[in-house]
1. Roll a 1.4 Å probe over the protein chains and send me the accessible area per residue for the chain in Å².
2. Compute the orientation-averaged projected area for region 36-105 from the convex hull of its Cα atoms and round it to one decimal in nm².
3. In deg cm²/dmol and to the nearest 500, what is the mean residue ellipticity at 222 nm of the chain if only DSSP H runs of at least 4 residues count, each as -39500 (n - 2.57), divided by the residue total?
4. From the phi of every residue in region 148-160, what ³J(HN,Hα) in whole Hz does the Karplus formula 6.51 cos²θ - 1.76 cosθ + 1.60 yield, where θ is phi - 60° and glycine or proline is x?
5. Compute the distance from the alpha-carbon center of region 145-204 to that of region 103-143, in whole Å.
6. Considering the Cα trace of region 1-53, what is its radius of gyration and what is Dmax, both in angstroms?
7. Ordering Thr88, Thr50, Thr72 by accessible area with a probe of 1.4 Å, largest first, what comes out?
8. Once amide H atoms are placed 1.01 Å from N in the peptide plane, what residues at a sequence separation of 5 or more from Gly68, or on another chain, have their amide H within under 5 Å of its amide H?
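The values are calculated or read from the model by the stated rules, or taken from the named source; none is laboratory data. Worth saying up front: this structure is predicted, and the values here are computed from it rather than measured. Accessible surface is based on the protein model in full, side chains and every heavy atom, while ligands, DNA and RNA are left aside. Shrake-Rupley method; radii C 1.70, N 1.55, O 1.52, S 1.80 Å.
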Amino acid sequence: MSTHLDDLTEAQRQDVYAAVRILDEAEQPVPRHLVRAVTDQTLRGALERTLAASGRVLLETPAGFTSGYDDTTRHALTRRGIGVLPDTDRAVLTLVLLWSVAIPRALGTIPAEAHWTVGEPVDPKMLIARSKLPDTTARAAITRLRAAGILGWGTNRWLVPGPAFHRLTARVQEDLFQDLVLLAEPNGPLAESIKRRRATRSGGALT
């Protein structure tokens, strides 16, 4: 970890190590003024190289800075089944994103360019009723998603996307939006455009 930091002083290296620890461990994005390594050009480059050495990237959000896995590492992990949510958790999360983010964006109550953590709070009771899962199963999924920071509490302790969404790269956010479009309107013109782009990207054929 130190080979790409050899040109730094000991104090500068400690700033970089501290920044990595803070960015990786903080639940919410860290404001710029609290992380010296993101405001100093030399330290920022060293910080980005240090994160890259472990397959991670520096991410800037409207709320501050955080870190997340880069797209190559993410694909490698998911191919191995690492970090993949159980089916019930994915079903509940999908419903939250549909009701909290996708539908409000379509209605114009949330700006289309808003971050994924900006959502209309969703009543857990309504969500469970629509999930067609047993109550205990759906509630257990919500508990797990909350513990992982994938879901958060909005007003009235209703559900919203959680702080983990700050750790998504732009590519992941775009893929997630496209997935919701394909789910909500699979035969619409936008869905057909997404299918064509994905087929071109993967070198595959449309099915």
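1. Values: 11850 Å² over 207 residues.
Per residue, the chain has 57 Å² of solvent-accessible surface.
2. Numbers: hull surface 26.1 nm².
With every direction weighted equally, the projected area is 6.5 nm².
3. Details: 9 runs with 103 residues, N = 207.
So the helix-based figure for the chain works out to -15000 deg cm²/dmol.
4. So the J values, rounded to whole Hz, are 7, x, 7, 10, x, 9, x, 4, 6, 6, 8, 8, 9.
5. 13
6. Final numbers for Rg and Dmax: 10.4, 31 Å.
7. Working: Thr88 40, Thr50 5, Thr72 105 Å².
So, going from the largest accessible area down, we get Thr72, Thr88, Thr50.
8. Those lying under 5 Å, H to H, from Gly68 are Val57, Leu59.
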